[in-house]
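The values are calculated or read from the model by the stated rules, or taken from the named source; none is laboratory data. Predicted model, so just to flag it, every value in this text is computed and none were measured. All Cβ positions, glycine included, derive from the backbone under ideal geometry; neighbour counts span all protein chains shown.
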Amino acid sequence: MHRLLATHTVEVRLFVVLLMMIVGLGLTTDTFLTVANLTSLLNNNSVNLIWAVGLLVVLVAGGIDISFAVAASVVQYIAAQIFGAIGGGNWAIGFLVAGTLGIGLGLINAALIHGFRIVSIVITIATFNAYFGLLMFFTKGRSIYTLPDWWADRIFLFEYQSASGVWSELNLSVAVMVVCLVATAILINRTNIGRQLYAFGDNPEGARRAGVNIGMMQAIAFGWCGLMAGVGGLMQVNIAKEVVPNALYGRELDVLAAVVLGGARLGGGKGTVFGCVLGVMFVAITQNGLNLLGVSPFAFQMIIGATILIAISTSNIKLNLPVFFTSQLSRAAPSKQDQSKGTDR
């Protein structure tokens with residue numbers, strides 16, 4: 001328990017806060033703890049979770065990427081054109097096309113960062129604007145509504161109708177999200193590449209001297225983020241049943257805020273998939289709870305902003321209660337040496 005608190009302080013703290021929020025909303029509202037609301041939360045935030053774990057890998061490697069949401073929009077539009085040209089396709093081709101396009105856009109970021117030796121936030125701001133500008137130029141802001149049947153049809157993993165007639169369901173995007181979470185956890189926790197990503201993010205110069213290939217680490221980090229952007233974009237179309245060029249614009253900041261809330265360090269070398277899940281669900285439950293309580297939606301951004309400030313400012317404060325109590329007990333209890341001295345007397 002002490003080791004968990006010492007190494008995952010932010011995650012434990014956020015988990016406790018989430019439990020308190022869930023209990024509080026469950027007691028103050030009649031609809032929060034219903035199957036319909038909980039499944040809706042998972043469906044609506046599955047894409048954000050896919051993007052969050054992609055961004056996590058970049059943050060672990062000491063970078064930052066704010067272009068992934070726009071990159072997902074670019075993938076959606078190009079993929080729609082490709083599917084139309086080949087006569088439709090299927091889910092296997094869809095994941096292949098979306099993943100490949102996403103990786104390509106991520107590798108562009110990595111190549112620019114490594115080639116020009118410029119900090120990643122500057123490069124991704126540039127590609128964010130370039131991707132969005134090119135997308136709006138070629139699409140002229142027009143949406144695509146004619147999609148292949150496999151892409152537009154909903155696939156339900158779970159369906160349930162309550163006694164009052166309210167339907168609850170889990171979509172395919174939730175299953176894809178789980179696969180992305182597991183794959184990312186394996187990458188950063190169970191592979192040598194993951195250990196190198198953490199080392200590179202924590203101490204780039206030390207990692208370079210130890211033989212870590214910096215260019216390769218940046219390519220893997222931004223390529224993975226691009227892959228998650230492409231997969232998330234593919235699933236977003238399945239949810240919305242249309243391709244809207246500017247629909248995802250602005251969502252990158254919500255995802256970034258959630259990942260940072262979950263314990264990922266902006267300086268690199270720290271972050272977990274579990275923390276990403278907690279961060280995204282904290283943002284989602286906060287917004288959902290405010291809506292159910294009838295609070296103005298304008299208060300949402302204010303609350304999230306204040307929470308991020310608190311999370312960042314207290315990230316270095318360690319909760320060492322077990323150490324405190326252990327030290328107090330050791331001081332109060334006589335040692336064996338003292339006991340032996342007392343016996344001799």
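Numbers below:
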| item | result |
| --- | --- |
| Odd one out for Ala306 among (1) in contact with a helix residue (DSSP H, G or I) (Cβ under 9 Å, 6 or more places away or on another chain); (2) under 29 Å from Leu18 (Cα atoms) | (1) |
| Among (1) modelled with pLDDT of 90 or more; (2) loosely packed, with under 15 Cβ neighbours inside 10 Å - the single one Leu18 does not satisfy | (2) |
| Subset of the range 165-186 that is part of a helix (DSSP H, G or I) and touching a Leu at 6+ places or on another chain (Cβ under 8 Å) - its residue that is farthest from Asn45 (Cα to Cα) | Thr184 |
| Subset of the range 141-160 [more than 19 Å from Thr39 (Cα to Cα), among the charged types (D, E, K, R) and in contact with a helix residue (DSSP H, G or I) (Cβ under 8 Å, 6 or more places away or on another chain)] | none |
| Test: Ile123 is closer than 20 Å to Gln218 by Cβ, out of contact with any strand residue (DSSP E or B) (no Cβ under 7 Å at 6 or more places or on another chain), free of Cβ contacts under 8 Å to residues at least 24 places away in the same chain and assigned to a helix (DSSP H, G or I) | yes |
| Selection within the range 228-253 - at negative phi and either surrounded by fewer than 21 Cβ atoms within 10 Å (Cβ to Cβ) or assigned to a loop (DSSP other than H, G, I, E, B) (or both) | Ile239, Ala240, Glu242, Val244, Pro245, Asn246, Ala247, Leu248, Tyr249, Arg251, Leu253 |
| Matching residues in the range 81-103 - criterion: being under 19 Å from Pro245 (Cα atoms), in contact with a helix residue (DSSP H, G or I) (Cβ under 8 Å, 6 or more places away or on another chain) and not aromatic (Phe, Trp, Tyr) | Ile82, Gly94, Val97, Ala98, Gly99, Leu101, Gly102 |
| Single residue of the range 161-173 satisfying the filter (surrounded by 13 or more Cβ atoms within 10 Å (Cβ to Cβ) and within 16 Å of Asn37 (Cβ to Cβ)) that is farthest from the chain's Cα centre (by Cα) | Val166 |
| Residue within the range 51-68 that is part of a helix (DSSP H, G or I), more than 13 Å from the chain's Cα centre (by Cα) and surrounded by 19 or more Cβ atoms within 10 Å (Cβ to Cβ) present | no |
| Failed item, numbered, when Gly289 is tested on (1) within 18 Å of Leu19 (Cβ to Cβ); (2) modelled with pLDDT under 75 | (2) |
| Options Leu96, Leu107: the member that is touching a residue at least 60 places away in the same chain (Cβ under 8 Å), in a helix (DSSP H, G or I) and surrounded by fewer than 19 Cβ atoms within 10 Å (Cβ to Cβ) | Leu107 |
| Residue in the range 197-218 that is outside any helix (DSSP H, G or I), on the phi < 0 side of the Ramachandran plot, among the hydroxyl-bearing types (Ser, Thr, Tyr) and within 21 Å of the chain's Cα centre (by Cα) present | no |
